[in-house]
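*Asks:* This is the structure I want to talk about, given as structure tokens.
Each value in this text was obtained by applying a stated rule to the coordinates, not by laboratory testing. What you see is a predicted model, and the numbers here were worked out from it, not measured in a lab.
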Amino acid sequence: MFTRYALQDIQLADGIEIAKGDEIGLLLGAANRDPRQFADPASFVSGRSDKANVTFGAGIHFCIGAPLARLELQTSLPILFERLPGLRLDDTPQYRDAYHFHGLERLDLAW
Ligand code: HEM
């Protein structure tokens with residue numbers, strides 16, 4: 001969840017009115033796992049054709065480190081897979097029970 005301030009008056013579909021200057025708590029509920037946006041949203045599918053993922057956010061707060069993060073992954077992952085060709089899951093990944101920066105608690109691998 002992030003808080004933001006409304007830059008203008010906003011009328012939402014459900015009759016909710018937000019006035020300019022109001023502080024709003026925004027819960028990033030589904031993001032890349034939104035079944036209305038993505039086919040098979042809970043599966044990791046490399047090279048998805050639906051490019052509209054929101055991994056790095058959107059709009060004026062779009063992640064300023066996105067190019068660096070993409071470069072790091074494009075550089076490091078091929079090296080990792082080349083060095084450890086037998087890399088595989090050793091157990092079911094454990095997700096943290098958190099609404100903010102939802103991610104893994106544990107990722108047990110073997111090679
Ligand atoms: C895979 C890695 C990363 C992911 C998934 C990620 C994700 C995100 C997301 C979703 C946002 C938007 C948050 C919002 O809407 O308020 C964001 C913002 C931001 N990220 Fe990243 N990020 C990553 C790496 C990085 C790196 C490497 C840096 C810096 C070197 C960075 C710096 C920032 C900064 C400064 C913002 C705030 C931008 C703003 O509010 O204008 N991030 N990031």
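*Asks:* Relative to the longest principal axis of the C-alpha atoms of the chain, give the angle of the C-alpha long axis of helix 66-83, reported between 0 and 90° and rounded to the nearest 10°.
*Replies:* The helix 66-83 is inclined about 20 degrees to the chain.
*Asks:* In addition: ³J(HN,Hα) across the stretch 94-111 via Karplus (A = 6.51, B = -1.76, C = 1.60, θ = phi - 60°), whole Hz, x for Gly/Pro?
*Replies:* My calculation for the stretch 94-111 gives 9, 8, 5, 8, 9, 8, 9, 6, 3, x, 7, 7, 9, 9, 8, 10, 9, 8 Hz in order.
*Asks:* Quick check on the chain: what are the equivalent-ellipsoid semi-axes from the Cα gyration tensor, as sqrt(5λ), descending, whole Å? Show your work: numbers first, answer last.
*Replies:* Details: eigenvalues 243, 56, 41 Å².
After scaling each eigenvalue by five and taking roots: 35, 17, 14 Å.
*Asks:* Another question about this same structure. Taking 0.36 nm per intervening residue step and subtracting the Cα-Cα distance, what contour gain separates ALA13 from GLN94 on full extension? Before the final figure, lay out each step's value.
*Replies:* Working: separation 81, 0.36 × 81 = 29.16 nm, distance 3.66 nm.
Length difference between fully extended and current span is 25.5 nm.
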